[in-house]
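Handing you this structure, nothing more for now.
The values are calculated or read from the model by the stated rules, or taken from the named source; none is laboratory data. Bear in mind the structure is a predicted one, so any value in this text is a computation, not a measurement. Positions of Cβ are backbone-derived with ideal geometry, glycine not excepted, and every protein chain shown enters the neighbour counts.
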Amino acid sequence: MKSAVETLNPTRVRLTVEVPFEELKDSLDAAYKKINQQVTVKGFRKGKIPARVIDQRFGRGAVLEEAVNDALPKFYTEAVNEAEVNPLGQPEVDITELKDGELLSFTAEVDVRPTIEIPDYSGIEVEVDAIEVTDEDVEKSVEQLRERFASTNPVERAAAEGDVVTVDLTAKVEGEVLPDGIADGVSYTIGSGELLDGIDAAVTGLEAGGEVTFTSELKGGSAAGKEAEVTVKLTAVAARELPELDDEFAQMASEFDTLDELKADSRKRLENMKQFDQATQAQERVLEKFLELAEIPVPEKLLEDEVNTRKHNLEHHQLGQMGLSLEKYLEFQGKTVEEFETETKEQAVKGIKTQFLLDELVSKEELNVEQEELTEHLFRRAASSGMSPDQFAQAVVQGGQVPMLVGEVARGKALAVVVEAAKVVDTNGEVVDLSDDEDEVEAAAETVEAVTGEAEVAEEK
């Protein structure tokens, strides 16, 4: 076999391959054997039909076609290895010549990983928000905890904001009650905004036994997005009572003996949360600067596939679970289709460039993923997916996704290297040291995941 490679552009090559006919012998034998098992010829046992009879009865062309289809992947892979290119996705193959008994020639065009020069990232500087926890933040945190321990007591008066009401709902569209338009005994806190638009105004001032009808756009169900006539009957009103903020509350709601200890712990927790947010912000901004320094061409076909994957995941997974159409989602977001298309493409470009650049850095720095790092990453991914670690690990192995997980951790390590080399200061002018963060690599892996999305740049040979 002879092969040559031609660079069409920085992200695409054409391989030209010539295969002497004798190198097709194994594939020809396999083709005759396969056809033998599929056809019947009178006078011959199944599987024992001579090659000359198959040629006469079914045509030599059918045999050649089967043999070439069997041989192409093998010769394409050999040509890829010989040219030392890293193909992305499936090639476009064109058979240019097939002479029976003499020669097979074909070309294969395929996208490839571009050659990337890692820029000097030692001079990257970014600014992040300072970690500041105010007394007001602490009070708000404690108040939220207090809300969780609120009690409700039935009252005989008109419903008001903050009350918990029990209601029966009936929704009609064009005068017809919807199949899923009846719900009885629904508990709702007035003012929470968790049910239907307009329900707060409708039930406020009603007493138990009262009934009112209002119009609202349905957010889900069989008539999502349509205007409905909703009848609400209020069956009970309960007032929420908050516990006193004192040491007794602290003992009831936490492991602490005093309210001061509870507040001190709340402050510490808020500081830790803001510290994590600060580290994430630093990683995101350092990555932005790093990408700006590098020249990274993006293959057109790969970009098209990535954009389509992101759209599919949004429409059929995220929005599908919420019962929303893309049109309704864009309406809620206040975006036009053109704005959505532009935004999705920009995100896809950034995701692909991030993978290319960080993968190159992984290779250059010879960053390896330890089993402990992979296990920690697997546990986190399992938790975020709502699966047990064993279930998630089994799904990953069965789906052949182990290399993807390894890649995520490796890119996280690469980003951590860049962040450690960068100068990070907060809005108060204080230098932020992220090197002591024990979860730095895992946090960086999360940041990379958020940018690259669910799709993975796959190399295929």
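Could you check, for region 62-85, whether at least one of its residues is surrounded by fewer than 12 Cβ atoms within 10 Å (Cβ to Cβ) and closer than 22 Å to Val13 by Cβ?
yes
Same structure, new question: Which is surrounded by 13 or more Cβ atoms within 10 Å (Cβ to Cβ), in contact with a Lys or Arg (Cβ under 9 Å, 6 or more places away or on another chain) and part of a helix (DSSP H, G or I), of Leu245, Leu319, Leu302?
That would be Leu319, the only listed residue that is surrounded by 13 or more Cβ atoms within 10 Å (Cβ to Cβ), in contact with a Lys or Arg (Cβ under 9 Å, 6 or more places away or on another chain) and part of a helix (DSSP H, G or I).
Now a separate question. If the requirement is being touching a residue at least 40 places away in the same chain (Cβ under 8 Å), within 17 Å of the chain's Cα centre (by Cα), surrounded by fewer than 17 Cβ atoms within 10 Å (Cβ to Cβ) and in a helix (DSSP H, G or I), which of these qualifies: Asn313, Asn308?
That would be Asn313, the only listed residue that is touching a residue at least 40 places away in the same chain (Cβ under 8 Å), within 17 Å of the chain's Cα centre (by Cα), surrounded by fewer than 17 Cβ atoms within 10 Å (Cβ to Cβ) and in a helix (DSSP H, G or I).
How do the strands (runs of 3 or more DSSP E) wholly within region 1-113 filter down when requiring 2 or more residues that are in contact with an Asp or Glu (Cβ under 6 Å, 6 or more places away or on another chain), of a type outside the set (Gly, Ala, Ser) and at negative phi: which remain?
12-20, 87-99, 103-112
Every residue in region 202-229 that is in contact with a Leu (Cβ under 8 Å, 6 or more places away or on another chain), closer than 25 Å to Val155 by Cα and assigned to a strand (DSSP E or B), please.
Matches in region 202-229: Glu211, Val212.
With the condition kept exactly as written, say whether any residue in region 207-226 is touching a strand residue (DSSP E or B) at 6+ places or on another chain (Cβ under 6 Å), over 30 Å from Lys328 (Cβ atoms) and either in the same structural domain as Ala236 (by TED's automatic domain parsing) or basic (Lys, Arg) (or both).
Yes, region 207-226 contains a residue that is touching a strand residue (DSSP E or B) at 6+ places or on another chain (Cβ under 6 Å), over 30 Å from Lys328 (Cβ atoms) and either in the same structural domain as Ala236 (by TED's automatic domain parsing) or basic (Lys, Arg) (or both).
Does region 263-280 contain any residue that is loosely packed, with under 13 Cβ neighbours inside 10 Å, part of a loop (DSSP other than H, G, I, E, B), of a type outside the set (Val, Ile, Thr) and not assigned by TED's automatic domain parsing to the domain that holds Ala445?
no
Right, something else. Can you list the helices (runs of 4 or more DSSP H) found entirely within region 357-428 that contain at least 3 residues being at pLDDT below 95, under 16 Å from Ala450 (Cα atoms) and out of contact with any Cys (no Cβ under 8 Å at 6 or more places or on another chain)?
Per the criteria, 371-385, 402-421.
Between Val68, Val41, Val53, which is assigned by TED's automatic domain parsing to the domain that holds Gln90, β-branched (Val, Ile, Thr) and at pLDDT 85 or above?
Answer to the selection: Val68.
Might you let me know whether region 295-308 holds any residue that is touching a helix residue (DSSP H, G or I) at 6+ places or on another chain (Cβ under 7 Å) and within 29 Å of Asp180 (Cβ to Cβ)?
Within region 295-308, none of the residues are touching a helix residue (DSSP H, G or I) at 6+ places or on another chain (Cβ under 7 Å) and within 29 Å of Asp180 (Cβ to Cβ).
Specify the residue that is surrounded by the fewest Cβ atoms within 10 Å (Cβ to Cβ); the eligible residues are those in region 86-115 that are of a type in the set (Val, Ile, Thr) and within 32 Å of the chain's Cα centre (by Cα).
Among them, the one singled out is Thr115.
Follow-up question, since we're still on this one. Somewhere in region 252-260, is a residue under 22 Å from Thr447 (Cα atoms), part of a helix (DSSP H, G or I) and not assigned by TED's automatic domain parsing to the domain that holds Thr11?
Looking through region 252-260, none of the residues is under 22 Å from Thr447 (Cα atoms), part of a helix (DSSP H, G or I) and not assigned by TED's automatic domain parsing to the domain that holds Thr11.
Can you tell me how many residues in region 111-136 are farther than 30 Å from Glu420 by Cα and at pLDDT 95 or above?
Residues that pass the stated criteria total 2.
Right, next: How many residues, within region 124-164, are more than 29 Å from Val424 (Cα to Cα), surrounded by 15 or more Cβ atoms within 10 Å (Cβ to Cβ) and of a type in the set (A, V, I, L, M)?
7
For the condition within 14 Å of Arg240 (Cβ to Cβ), acidic (Asp, Glu) and out of contact with any helix residue (DSSP H, G or I) (no Cβ under 8 Å at 6 or more places or on another chain), what is the one hit in Glu147, Glu176?
Glu147
For region 316-353, which residues satisfy the criterion of being within 21 Å of Ala450 (Cβ to Cβ) and either within 13 Å of the chain's Cα centre (by Cα) or β-branched (Val, Ile, Thr) (or both)?
Passing the criteria: His316, His317, Gln318, Thr342, Thr344, Gln347, Ala348, Val349, Gly351, Ile352.
When Ala201 is evaluated against the numbered criteria (1) loosely packed, with under 13 Cβ neighbours inside 10 Å; (2) touching a Gly at 6+ places or on another chain (Cβ under 6 Å), which criterion, by number, is the only one it fails?
Condition (2) is where Ala201 drops out.
Out of all the residues in region 325-345, is one or more touching a residue at least 40 places away in the same chain (Cβ under 8 Å), over 26 Å from Val402 (Cβ atoms) and in contact with a helix residue (DSSP H, G or I) (Cβ under 6 Å, 6 or more places away or on another chain)?
Yes; the residues of region 325-345 include at least one that is touching a residue at least 40 places away in the same chain (Cβ under 8 Å), over 26 Å from Val402 (Cβ atoms) and in contact with a helix residue (DSSP H, G or I) (Cβ under 6 Å, 6 or more places away or on another chain).
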